[in-house]
Structure formats: C-alpha cells, structure tokens
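A.B. asks: Before I ask anything, here is the structure I am working with.
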Amino acid sequence: MAAPAQNLRINGDRLWDSLMEMAKIGPGVAGGNNRQTLTDEDAEGRALFQKWCEDAGCSMGLDQMGNMFARREGTDPDALPVYVGSHLDTQPTGGKYDGVLGVLGGLEIIRTLNDLGIKTKHPIVATNWTNEEGTRYAPAMLSSGVFAGMHTQDWAYDREDAEGKKFGDELKRIGWRGEEEVGARKMRAFFELHIEQGPILEAEGKDIGVVTHGQGLSWTQITVTGKDAHTGSTPMPMRKNAGLAMARILEKVDEIAWSHAPHAVGAAGHIEVFPNSRNVIPGKAVFTVDFRSPELQVIKDMENRLRVAAEDIVDNMGLQIEFEKVGGFDPVKFDEGCVAAVRDAAERMGYSHTDIISGAGHDACWINRVAPTAMVMCPCVDGLSHNEAEEISKEWAAAGADVLFHAVVETAEIVE
Ligand code: HGY
Ligand code: MN
Ligand code: MN
C-alpha cells in the first residue's frame, strides 16, 4: 500500500482546541475531568463529538452498548472500514487526555482528509467505546469487550454501580442506547492513539511509543467479613477486625507483585470498609486487587498466591472471605502489520520512537481479538495519569496524531 507523502500532517492547533473544548464538559475540581460513563456529562460529551463528526460530513452509527461510529465514506463502499478511536469517559479524578486524545485524534484524521480533499478506498470510522474506564461499572473496557465477544450484552446490562443503578438502564436514560447489533461491524483494522500513562517515553526523550504488546490484567474483588463492635470497650482478643485483615492482605499484594519485579505490578484502588464509622471496628471490608504483568503465568501465580495468603490471614483471625473475579484479560500481542505501519509512519516523519508494552489496558486490547489492531502512544508529563494533573504537550499530541494519520490513511489506501 502506498504511504501518504511524508509531509502530510494533521492540524495540531485544531486538535488541541478540540481537546480543550471537550475538557470543559464534566470538569473535575483540580483542572482535570470527572466525565464518568453514562452520566449526563458523558451524554453531553457524546453529543459534542457527534456534532463535530456530522460537521465533518460523517454519518453516525450507534450500537446497543452505546458505542459510537462516525463513518467517512471511501470510494469503495463495500471495502472493510479502517476504525480509529478510543473512549470519552473518564475516571472520577481523571485527566483531559486519557481516551479523549484517541477519539479526537480519529476525528482530526477525518478533518484533515477533508481539508486536503484526499479520498481513500476504504471508509474510515472514528469510534468512541462506552465505559472503557470500568470505574462506575466494572470491568474496564466493558463495551469493546462485548463487541469482541468477551462478555454477553445481557451480563453487561446487568452490571450495577455503587448506587445499584444498572448499566442498561443508565445507557437508556441518557439516550445513547442504539439499535445496532454489537459486534456486527467488521473491520479492516483498528488503530488507537493513547497517552502512555507511564514514564518511559518522556524519560527516554521519545515522541512516539510503538505499542507491540499490552500487559494482561486481573481484578479480584475480595469481601472480608468479621464483626462490627465498639472500638473502645471491645478487648483486643475479642475483635474480628475486617479492616485489619484487609490491611494484612494488601501488604501481601505488594510483596507478591515485588517478587515478580520489574514488570509485574499490584495494588488495590477500590477500598471500602463498613460501617466506616470512627468508633466501630469494621465488620466488613470490600476491595479490588489489581494485578498486571506482560506474562500470563506471572498473573496466574500472583492470583494463586494472593488467594492462599488471604485465606491464611482470615483463618488465623477467625474471619470469612469471598473472592470474585470482576475483570481481566490476557497479555496482548498486537498485529505485526499494523504495528509496522505505525513504526514506519514515525520513521517516515522523523519522529523519535521506541517499541513499548502498554502498562494500561485499552479498548484496543479487546478489539485485537476481532481485527488487526495496533496502538500509537505519546508521552505524558511525569508519566502521570488517572490524576487531574495529567498533562501532555500540544507537540506530543500532534506527533501522535500525525503518526496515527499516516498509519490509518496508509491502511485505508489513498485513491489518487
Ligand atoms: O485500567 C486500565 O488500565 C484502563 O485505564 N482502564
Ligand atoms: Mn484510557
Ligand atoms: Mn484510564
């Protein structure tokens, strides 16, 4: 396939302005965003994305999981489209770029092709995947997972948030539940631009991450049950302190992850104690252990050791424990042809680049199971993400979108 002329570039100012405009929707309290999935803010962001796509001449498709597909026609309507996108939903204390850069980077490709009057044989579809973050509704990458056949739609619709609101009901409430069958669309390829969310690219002074693999993820929700009691009048030997058991288990999580240094990681970001009153010994603790590694057998080892250690801790304390696997996917190897398109694009345009394994999970990790897939990464300041202080430079955003443009347009085949 003929590569685009190396001087073709996206409009970095327009991309940046769109990022800043989208960031006004669902503002956080410290300069980032709180645009959680299926909230009114999510609906507002979707509407703005749809308006921009329609202004760029796209037709918008919407499936039964709320996944959005803005299609720019190709010269061959029967040719499989090239999809490009990410997610608009954010963490509760999220940044302005996680996910959003990939969705608006896809739109910027379409806007640039329109500016240049370039036609492609294959249609190009800019995509927004519903509920990538998995915060309000576990697991992460829920809708791309349904699209890839990893979850049933009924199971996804039944997922409940902390207030007991079901995913399917909330999707309908915000008015973004489409009619299209999920997963019916066939793709020539899928590309995702994303900030690294780690320190490697910035530390190595590289503009572009050529993502060859994604590390695997395991989320285990643990419920420890002890007994509520008075923190003052209950003698120490009589206590059944679920909060203490959780603390001892989390110490083990850290120890297990460190035992597989340097690539494995482990922590718990979701932690609840009940009744969470200052003078009541917690009778219940509910928390989710997040283990990750590029190697599947390491993930399995960490899961197994966690279960043995946690059962030992609660047995010694006379408490009960339950485990529930609430999310996970195996390590991913992206499509070599698509990865080469990304690497060659960076090379052609003279952007410094390095191969990298994604530390975070992405929709691309699931879509890779149903279509040739690759990712482009750009650095982020101090490697910080899932924090309102997440920051990138306009130059990094433009470089990432330039490489995305070249990889997508080469795959969609320019028609002279
Ligand atoms: O959890 C993840 O890796 C992604 O940010 N949802
Ligand atoms: Mn993301
Ligand atoms: Mn994220």
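A.B. asks: Run through all the Cα pairs of the stretch 334-416 and give the fraction in each 5 Å bin from 0, expressed as whole percent.
C.D. replies: 3, 13, 22, 24, 20, 12, 5, 1, 0
A.B. asks: Gain in length, S393 to A79, computed as 0.36 nm per residue apart minus the alpha-carbon separation, to one decimal in nm? Walk me through the numbers before you get to the answer.
C.D. replies: On the way: separation 314, 0.36 × 314 = 113.04 nm, distance 3.60 nm.
Fully extending the segment from S393 to A79 adds 109.4 nm.
A.B. asks: In debye to the nearest 20, how big a dipole does the stretch 92-155 give about its Cα centre with +1 on each Lys and Arg Cβ and -1 on each Asp and Glu Cβ?
C.D. replies: On the way: 5 positive and 6 negative charges, 48 e Å.
Charge dipole of the stretch 92-155: 240 debye, to the nearest 20.
A.B. asks: Just to check I understand the Karplus step: with θ = phi - 60° and J = 6.51 cos²θ - 1.76 cosθ + 1.60, what whole-Hz values come out for the stretch 153-168, glycine and proline as x?
C.D. replies: 5, 4, 5, 5, 4, 7, 4, 10, 8, 4, 9, x, 7, 7, 3, x
A.B. asks: Where nothing but the Cβ of Lys and Arg (+1) and of Asp and Glu (-1) is charged, how large is the charge dipole of the chain around its Cα centre, in debye to the nearest 20?
C.D. replies: Here the chain has a charge dipole of around 680 debye.
A.B. asks: At what distance in nm do the modelled label points of A5 and E416 sit from each other, each positioned 7 Å from its Cα along Cα→Cβ?
C.D. replies: About 1.3 nm, to one decimal.
A.B. asks: How many times 2.2 N^0.38 Å is the alpha carbon radius of gyration of the stretch 43-146?
C.D. replies: Working it through for the stretch 43-146, the quotient is 1.09.
A.B. asks: Also, quick follow-up: Rounded to the nearest 20 Debye, what is the dipole magnitude of the stretch 82-216 about its Cα centre when Lys and Arg each give +1 and Asp and Glu each give -1 at the C-beta?
C.D. replies: Value, rounded to 20: 540 debye.
A.B. asks: Quickly estimate the mean residue ellipticity at 222 nm for the chain, helices only: each DSSP H run with n ≥ 4 gives -39500 (n - 2.57), and the total goes over all residues, rounded to 500.
C.D. replies: On the way: 12 runs with 143 residues, N = 416.
Using -39500 (n - 2.57) per qualifying helix, the result is -10500 deg cm²/dmol.
A.B. asks: Which log10 I(q)/I(0) values does the stretch 213-326 give at q = 0.11, 0.23 Å⁻¹ under the Debye formula, counting every alpha carbon as one identical point scatterer?
C.D. replies: With no solvent term, the Cα-only Debye profile gives -0.37, -1.19.
A.B. asks: For the chain, what log10 I(q)/I(0) values come out of the Debye formula at q = 0.08, 0.13 1/Å, with one point per alpha carbon and no solvent?
C.D. replies: Each listed q corresponds, in turn, to -0.45, -1.08.
A.B. asks: Taking the alpha-carbon centroid of each part, what is the distance from the stretch 266-286 to the stretch 160-200 in angstrom?
C.D. replies: First find each Cα centre; the distance between them is then 30 Å.
A.B. asks: Over all directions, the average projected area of the alpha-carbon convex hull for the stretch 89-178 comes to how many nm²?
C.D. replies: Result: a mean projected hull area of 7.4 nm².
A.B. asks: If you check each cysteine of the chain for another cysteine whose beta-carbon is under 4.7 Å away, which ones come up empty?
C.D. replies: Flagged as lacking a Cys partner: C338, C365, C378, C380.
A.B. asks: Reachable lysines from K51, Cα under 30 Å, same-chain residues fewer than 8 places away excluded?
C.D. replies: In chain and number order, the partners are K24, K96, K119, K121, K165, K166, K172, K186, K394.
A.B. asks: Sequence gap at least 6, Cα distance under 8 Å: using those rules, report the relative contact order of the chain to the nearest whole percent.
C.D. replies: On the way: 991 pairs, mean separation 103.8, N = 416.
Over the chain, the number comes to 25 percent.
A.B. asks: Another question, if that's okay. GNM, the chain, Cα, under 10 Å: largest mean-square fluctuation among G31, G232, G400?
C.D. replies: Comparing G31, G232, G400 in a Gaussian network model of the chain, the most mobile one is G232.
Each reported figure results from applying straightforward, stated rules to the coordinates on display, with no laboratory input. Bear in mind the structure is a predicted one, so any value in this text is a computation, not a measurement. So basically every Cβ, Gly included, is an ideal-geometry build from the backbone, and we count neighbours across all protein chains shown.
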